[in-house]
Protein chains: 2
Amino acid sequence: LSGTIATVDERALVRRLHARAGRPAAAVVLGIGDDAALVEPVRGELVVLAADSLVEDVHFRRRWTAAADIGHKALAVNLSDLAAMGASPRACLLSLALPIDLPLSDFDALIDGLVSLADRTGCPLVGGNLARSPGPLVADVTVAGSVHRRRALTRAGGRPGDDLYVTGLLGGALAGLRLLQAGPLDREGASPEAIAAVRRYEVPTPRLRTGRSAARQAAARAAIDLSDGLAGAVTQLTEASGTGAILDLAALPVDPAALDLAGTLGLDAVELALTGGEDYELLFAVPPRRRRAFEAAVKRAGETTATRIGRMTAGKSVRVATGDMLELLTNKGFTHF
Amino acid sequence: LSGTIATVDERALVRRLHARAGRPAAAVVLGIGDDAALVEPVRGELVVLAADSLVEDVHFRRRWTAAADIGHKALAVNLSDLAAMGASPRACLLSLALPIDLPLSDFDALIDGLVSLADRTGCPLVGGNLARSPGPLVADVTVAGSVHRRRALTRAGGRPGDDLYVTGLLGGALAGLRLLQAGPLDREGASPEAIAAVRRYEVPTPRLRTGRSAARQAAARAAIDLSDGLAGAVTQLTEASGTGAILDLAALPVDPAALDLAGTLGLDAVELALTGGEDYELLFAVPPRRRRAFEAAVKRAGETTATRIGRMTAGKSVRVATGDMLELLTNKGFTHF
């Protein structure tokens with residue numbers, strides 16, 4: 001493989017992408033190659049739409065992150081939005097703004113990274129756009145999904161008294177990012193914890209089965225993904241639901257990799273867990289009487305754990321219990337902008 | 001209004017966008033502000049998806065084009081893809097990569113330009129993403145539409161013997177672009193033809209009603225939009241349909257503005273009409289027995305005219321009749337890449 005984006009014209013590049021996009025799913029009536037794609041809706045369900053983009057030197061650096069991982073993450077962050085609605089993926093579109101010095105092998109690898117995750121999650125690539133960029137590489141993905149009208153998990157459904165559950169482990173991805181920012185990483189010589197944290201940052205796993213399982217069992221009332229960090233997610237979930245919340249910091253499921261790296265990096269592991277927006281876990285509001293159903297739904301999904309970290313309250317403030325103290329949560333949520 | 005993008009954080013910018021996005025349509029169950037949008041599908045119809053982006057210094061220059069026009073065009077080029085499928089718009093998403101020196105007033109105007117067209121075409125803005133750009137402004141739009149399964153106009157439906165019809169007038173937008181490229185335009189002092197050509201380039205009108213009307217009356221067998229120019233569109237339509245074509249150059253509906261400017265700019269008006277990819281008109285393949293139905297459908301749409309410019313043939317080659325001569329069409333189609 002040789003050459004850069006500059007050596008091929010747009011149509012050749014589209015053909016190249018098309019050849020790598022894999023077999024379309026049965027739901028795809030018409031995929032890449034026409035003015036638009038045609039997708040079969042699911043009878044009785046709503047169409048779910050979300051878009052999210054990765055911008056070079058804002059969300060990733062080409063010298064740190066392999067092209068395949070950029071492709072994976074560009075789709076993963078969108079699938080996380082579907083997961084937070086309890087929706088199932090149906091199709092995705094990819095718009096790329098490509099620097100002309102991008103090696104064709106990187107173009108191929110980026111597509112392959114996206115398509116590999118698309119194949120595993122039932123979210124075929126059905127269209128998009130290729131353009132030249134005079135600056136950064138921009139990968140913008142739109143996902144279309146499907147969810148039953150009465151099962152969709154919005155942010156606004158929470159009620160005072162609902163338990164707050166978070167999936168997985170927190171802080172690992174931000175620890176990985178901080179490690180990358182601290183200097184060149186020797187991947188051969190790095191500790192397993194360091195590699196685990198960096199991989200959590202580079203190739204997040206959207207919690208699709210967990211979100212869908214909780215939604216289908218009507219085991220949660222509201223959900224949001226942690227793309228802005230747990231602090232940001234709690235703030236937005238409570239604002240949308242018109243509630244407050246109280247969080248038990250001691251209950252946070254801090255990623256062992258974050259604990260391990262916090263010392264090395266001179267950081268606070270709990271703060272990594274509270275503000276790390278890159279874990280792409282989910283936060284759920286669960287009515288107390290559905291606690292058992294929710295925990296069973298998460299278990300049935302077989303994807304990750306869920307930890308009760310607090311509850312929604314009648315006030316408007318979000319407070320944090322730290323030992324004997326109650327403190328107001330200042331919004332330290334990591335925002336991508 | 002003062003300040004630039006650098007002076008506000010992402011959430012404030014989202015609120016700003018949300019406030020300008022207008023009232024959601026009845027089909028929008030959940031719009032901007034959650035992890036994803038929820039849209040009601042049309043019973044018995046397919047979901048139509050397309051994405052297209054405008055990149056600063058590739059597709060537009062900020063010093064030439066008003067921010068409102070960039071917003072308009074970012075949506076218009078996508079609606080043109082829906083028009084070419086015979087589809088109706090349902091919703092759109094906007095992903096912006098924003099240079100931090102962008103004035104907030106330009107941000108507002110861009111959103112307003114998009115929302116204004118969205119309102120007029122029944123295509124509410126339901127979501128998207130805002131990110132910082134270390135380089136160009138990138139506006140990537142995804143549209144979701146709806147079309148009856150047996151009415152969708154793909155590129156592959158043409159048959160030998162079908163008439164080829166093109167909508168509107170051709171070459172005006174490319175003449176306008178060439179004029180902008182020739183040097184600073186004095187909009188006060190410019191001729192009406194010059195202004196008309198530049199406006200055709202800056203604020204194209206998607207032929208939504210025409211595409212939908214032709215599709216609903218089953219009056220065309222295939223369609224494509226002219227985003228790559230007529231030459232490119234004929235090439236792609238015939239390739240997808242497995243046919244050839246013969247075009248009558250004398251029949252091309254050349255835009256009077258292109259004729260007028262061609263002399264001034266030292267260009268060939270017919271070549272402008274053949275290669276201008278910025279008119280965003282539509283090309284249809286119409287079975288001869290549906291000619292009258294097609295012309296009636298275009299008339300009923302009340303949007304523009306359609307001109308018969310040739311027909312599909314059994315061979316694979318695309319030929320151009322110029323007076324007594326038949327020449328092979330070389331693909332001079334304007335590609336955006």
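Net charge dipole, chain B: roughly 1540 debye, given to the nearest 20, about the Cα centre with Cβ charges of +1 for Lys and Arg and -1 for Asp and Glu. Indicate the gyration tensor shape class of the stretch A:104-218 (rounded, prolate or oblate), computed on the Cα atoms with a ≥ b ≥ c the square roots of the eigenvalues: a/c under 1.5 is rounded; otherwise a/b larger than b/c is prolate and the rest oblate. The shape class here is oblate. Quantify how much of the Cα-Cα distance distribution of the protein assembly as shown extends past 38 Å, in percent. For the protein assembly as shown, the fraction of Cα-Cα distances above 38 Å is 35 percent. Once you reduce the stretch A:41-61 and the stretch B:46-106 to the center of their Cα atoms, the two points are 17 Å from each other. Put simply, the stretch A:57-133 fits an ellipsoid with semi-axes of 22, 13, 11 Å; these come from the alpha carbon gyration tensor as the roots of five times its eigenvalues, largest first. Each other copy holds its own label point for B:Ile100; taking that point as 7 Å from Cα along Cα to Cβ, the gaps run 2.8 nm, nearest first.
For chain A, what is one quarter of the convex hull surface built on the Cα atoms, given in nm²?
17.7
With a threshold of 32 Å on the Cα-Cα distance, the over-threshold entries among A:Lys73/B:Lys316; A:Lys73/A:Lys316; B:Lys73/B:Lys299 are A:Lys73/B:Lys316; A:Lys73/A:Lys316. Counting only the Cα atoms, the stretch B:173-324 fills a convex hull of 115 Å³ per residue. Here the alpha carbons of the stretch A:254-307 define both size measures, Rg and Dmax, at 14.4, 43 Å.
Sort the stretch A:1-89 into rounded, prolate or oblate with this rule: let a ≥ b ≥ c be the square roots of the eigenvalues of the Cα gyration tensor; rounded if a/c is under 1.5, and if a/c is not under 1.5, prolate when a/b is larger than b/c, oblate otherwise. Oblate, because a/c is 1.5 or more while a/b does not exceed b/c.
Just want to confirm a number: the relative contact order over chain B, from Cα pairs under 8 angstrom separated by 6+ residues, in percent. Intermediate results must be reported in sequence, preceding the final value.
Values: 818 pairs, mean separation 73.8, N = 337.
Contact order relative to length: 22 percent.
Shown for A:Arg120: label points 7 Å from Cα along the beta-carbon vector, and their distances to the equivalent points in the other copies, 4.6 nm in ascending order. Shown is the FRET efficiency for B:Ser116 and B:Ala296, computed with R0 = 41 Å from the Cβ-Cβ distance and rounded to the nearest 0.05: 0.85. Here the chain A residue lying nearest the rotation axis onto B, judged by its C-beta and given with the distance in whole angstrom, is A:Gly135, 1. Measuring between their Cα centroids, the stretch B:222-289 and the stretch B:156-215 lie 10 Å from each other.
Only one residue of A:Thr154, A:Pro204, A:Val254 has its Cα farthest out toward the positive end of the dipole of chain A, where Lys and Arg carry +1 and Asp and Glu -1 on Cβ, and that residue is A:Thr154. Other protein chain C-beta atoms within 10 Å of residue C-beta, averaged over A:81-94: 3. For the set A:Ile309, A:Ile32, the ranking by accessible area, highest first and with no ligand, DNA or RNA atoms included, is A:Ile32, A:Ile309 under a 1.4 Å probe.
Take B:Lys316: with every protein chain present and a 1.4 Å probe, its accessible area is about 150 Å².
Grab the beta carbon distance between A:Arg187 and B:Ala12, set R0 = 51 Å, and tell me the FRET efficiency rounded to 0.05.
Details: r = 38 Å, r/R0 = 0.75.
Efficiency for this residue pair is about 0.85.
The values are calculated or read from the model by the stated rules, or taken from the named source; none is laboratory data. Not measured: the values here are computed from a predicted model. All Cβ positions, glycine included, derive from the backbone under ideal geometry; neighbour counts span all protein chains shown. These accessible areas exclude ligands, DNA and RNA; they are computed on the full protein's heavy atoms, side chains included. Shrake-Rupley method; radii C 1.70, N 1.55, O 1.52, S 1.80 Å.
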